[in-house]
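Where a number appears in this text, it was derived from the coordinates with a stated rule and is not lab data. Predicted, not measured: the structure shown is a model, and the values here were computed from it. Every residue, glycine as well, gets a Cβ built from its backbone with ideal geometry; the counts of neighbours run over all protein chains shown.
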Amino acid sequence: MDIHEDDAVESDTALRVAWDERVEQCLAAARARHPDSVLDAADSRTTELTAPDWTGLPLRAERCLGRAAALALLDHPPGPDGSSGRDFQEEYLEWRVVCSPATGGVQRIELTTELADRWCLAAAHEPTALLSRVAAFAGEQSAPVSEVYGSYDPFADTATPAGRERAFADTMLGTGACSPYNDGRRAICCMTQRTNTINALVTLAAAATRPRRVRAPGAKRCRAPSASELLPLLAGAAQAGRGSDPLLAERFARLAFEDRLVAFAEPVGVWVQGVEHTRLRTPGGEPVPEDWFVFGRGLGSERVPSGRPAHPQRLTLEVPAVEGFTVGDIVDVATEQPIRHGGQIAELVELAVSLRVGPQDSAGQAGASHLLTSMASAQRNDPEGCEELRREEARLYAGSHAP
């Protein structure tokens, strides 16, 4: 079964309405916490498009632990308590590595940017389609209902959308042991890392789009704050050291500094903008063809000229069987290392979020921005949280070796 046979966004009207409501709720909550933010809903005023982008390898883990340790940690399988390397895949991209039963080598790498909230709503409103999709991702004819909804019967006369959503979240996104259909053992459906959420993305946007300007001592002009200056002021809405958060925060702050209205483009989500496939070589030294990467699950129903879905949220790398070798035989020429870990491919994946913004001075906040004259007091020790990350790493490895 083709694991990408269902690569379009769900078409059910109830699901679309529910998703729009969920996004509106997130926006309302974020703006209530940051009432002076220029974040708004897209409308006729937000006519320009922009798409900040970053790569998918969790930079914080690499910087804090070193590359070899980070790559191994990010692929760590689920332990008895449900913790795994997915807990550290924090760039709005998560993956699983499928190894050959015969050789143990890397056979396939599946990556996703799909938001858990979207899947929860699909579980609530489209149980039949969702179960089919889960099975397709696992390469199976069907997925056991109990592995997706737990003990809850999504087809019972008494079943409700709210009940289905709770059951799905408890089974597929639980903080303890998770279903094998979303923890990587049989499939990966949507992101589960606690900061890879719609709420985290919207909260970061609202916090960073509070108009701020910096004036250095002796300077005549103000400027937008840099990421290092801004992140300590965001009350935990962004994590230093990541590839995504600092970049997004700085871009949002620049738009706010320019007094632009900022909105998320529809449909809201993180998507795979591209992959640097030219860094990869076959055992014979040939460049890996781009079509070995399969894009799926597009944000929106349209397609680009290549035929792949626009704004794809899923990416799979697998070598065609006729080639006679596997992903584990491919070499990254930049590092001269064979592909042994999912993070090596995540490093090549370019992610993006689409924004709609108004022209300069469209927000009507000119002169109302908060003036920052000294950033020294905002700094703290260990801004990237390396000590905490190392403690979490130690707990994961300790738990995986527990009797």
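Quick rundown of the values:
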| quantity | calculated |
| --- | --- |
| Per DSSP, loop trypsin sites (Lys or Arg not before Pro) in the stretch 185-234 with at most 13 further Cβ within 10 Å | ARG194, LYS220, ARG221 |
| Approximate shape of the stretch 93-138 as ellipsoid semi-axes (Cα gyration tensor, √5λ), whole Å, largest first | 27, 13, 5 |
| Between helix 244-257 and the chain: long-axis angle, C-alpha atoms, 0 to 90°, nearest 10 | 30 degrees |
| Rel. contact order, % - alpha carbon contacts under 8 angstrom, at least six apart, the stretch 1-129 | 21 percent |
| Candidates GLY56, GLY342, GLY82: whichever shows maximal mean-square fluctuation once the chain is modelled as a Gaussian network with Cα springs under 10 Å | GLY82 |
| Nonlocal amide H pairs with GLY105, under 5 Å, H built at 1.01 Å | SER100 |
| Among THR13, THR113, THR103: highest mean-square fluctuation, GNM of the chain, C-alpha pairs under 10 Å | THR103 |
| Cα-based Rg of the stretch 231-326 normalised by 2.2 N^0.38 Å, two decimals | 1.49 |
| Mean projected area in nm² (Cα convex hull; one quarter of hull surface) for the stretch 96-170 | 5.7 nm² |
| Square roots of 5 times each gyration tensor eigenvalue, C-alpha, the stretch 165-274, largest first, Å | 36, 14, 12 |
| Under 17 Å from the ARG281 label point (7 Å along Cα→beta-carbon), backbone N, the stretch 332-365 | 332-340 |
| Relative contact order [Cα under 8 Å, 6+ residues apart], the chain, whole percent | 27 percent |
| Protection-proxy order for peptides 42-48, 259-265, each taking the mean of Cβ atoms within 10 Å per residue, highest first | 259-265, 42-48 |
| Cα convex hull of the stretch 46-124 - mean projected area over all directions, nm² | 8.8 nm² |
| For q = 0.10, 0.19 Å⁻¹, Debye-computed log10 I/I(0) when each Cα of the stretch 49-208 counts as one equal scatterer | -0.40, -1.25 |
| The stretch 95-170: relative contact order in percent, alpha carbon pairs under 8 Å with at least 6 residues between | 25 percent |
| The stretch 113-209 - Debye-derived log10 I(q)/I(0), Cα point model, q = 0.20 Å⁻¹ | -0.93 |
| Cα-based shape type of the chain, given that a ≥ b ≥ c are square roots of the gyration tensor eigenvalues and the cut on a/c is 1.5 | prolate |
